[in-house]
1. Quickly run through segment 31-57 and pick out the residues that are within 8 Å of ligand 1 (Cβ to nearest atom) and buried (at least 19 other Cβ atoms within 10 Å of the Cβ).
2. For Lys101, only one of the following conditions fails: (1) in contact (Cβ under 8 Å) with a residue 40 or more places away in the chain; (2) away from ligand 1 (no atom under 14 Å from the Cβ); (3) of a type in the set (Lys, Arg). What is its number?
3. When you scan segment 83-90, do you find a residue that is surrounded by fewer than 19 Cβ atoms within 10 Å (Cβ to Cβ) and touching a residue at least 60 places away in the same chain (Cβ under 8 Å), even just one?
4. Within 30 Å of Asn217 (Cβ to Cβ) and surrounded by 15 or more Cβ atoms within 10 Å (Cβ to Cβ): does that describe Ile111?
5. Name the residues in segment 63-103 that are over 18 Å from Leu182 (Cα atoms) and among the aromatic types (Phe, Trp, Tyr), would you?
6. Would you be able to say whether some residue in segment 106-127 is within 16 Å of ligand 2 (Cβ to nearest atom) and more than 27 Å from Lys2 (Cα to Cα)?
7. Here is a list of conditions, (1) surrounded by 14 or more Cβ atoms within 10 Å (Cβ to Cβ); (2) assigned to a helix (DSSP H, G or I); (3) over 16 Å from the mean Cα position of the chain (by Cα), and Pro144 meets all of them except one; can you say which number that is?
8. Ser201: modelled with pLDDT under 95, small (Gly, Ala, Ser) and under 30 Å from Lys79 (Cβ atoms), yes or no?
Amino acid sequence: MKLILIGPPGSGKGTQARLLSKKLKIPHISTGDILREVVKNKTQLGQEAQAYMEKGELVPDNVIIEIIKERVSRPDCEKGYIFDGFPRTLTQAQMLDKIFKEKNKELDLVIQFKISDESLTKRLSGRLICSKCGADYNLYFKPPRVGDICDRCGGKLLPRQDDKKNVVINRLKVFKNQTKPLVNYYQKQAKIKDIDADKKSENLNQELLQLIDAEVNPNGLPEKQSFPAESAEE
Ligand code: ADP
Ligand code: ZN
């Protein structure tokens, strides 16, 4: 199962991708997370990437493509994966199609997260991340049990560098201009489905699983009970 989650920053893609990854037992590939790791290492590439990320601009396509190529060639990706935050430009989407072609594989589904501007603002301004384990919290929707301490590992929770107001505004603009056109691209391939991302996390997760299930099993019947092909026609 090869999935892409598309949606504006703050639409909850990351949270959902992590949940889906556990349930479907395929890796969650977030280019944002990978880049934040690269930045921590303070290599030249890390410093270059950081400069873009701090402004809310996109890291150049060639860097991203290299990261993805390396990542999907690892053995844990054999049964599929969930892309979160990739592709983000038309060039990235075209490169991904090329990779699929070369490997004789096919994309299964793109899910578009749709959300109101109001929820988006709350989600972004309330976001906190554990400086140790990367777990994410939200002051409005998913507050930590104690102060600014991670429930899981006791690490200190911090806002993300790029969640500052002017950077958020830029990230939303970049999404609209560079990533939104991908919806059209995948509509042409008839691979995209929308989801209302204003919902609570658990409900959203249920709905996502149903969407994915319907894709894998379009008859809407559990496999064992499926009728023979001729009588299953409607
Ligand atoms: P969000 O979707 O919440 O803005 P991400 O964690 O996905 O955040 O990405 C953070 C930053 O990392 C982006 O603003 C961008 O600078 C960079 N980035 C992540 N994925 C990509 C990508 N596919 N192409 C270019 N830049 C990316
Ligand atoms: Zn933690």
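1. Thr31, Leu35, Arg36, Ala49, Met53, Gly56
2. It fails just one condition, (1).
3. Checked against the condition, which is being surrounded by fewer than 19 Cβ atoms within 10 Å (Cβ to Cβ) and touching a residue at least 60 places away in the same chain (Cβ under 8 Å), segment 83-90 yields at least one hit.
4. Yes.
5. Tyr81
6. The answer is yes; a qualifying residue exists.
7. (2)
8. Yes.
The values are calculated or read from the model by the stated rules, or taken from the named source; none is laboratory data. Just so we're clear, the structure is a prediction, and the values are computed from it rather than from any experiment. Neighbour counts are summed over all protein chains in view; Cβ atoms, including those assigned to glycine, are modelled from backbone coordinates with ideal geometry.
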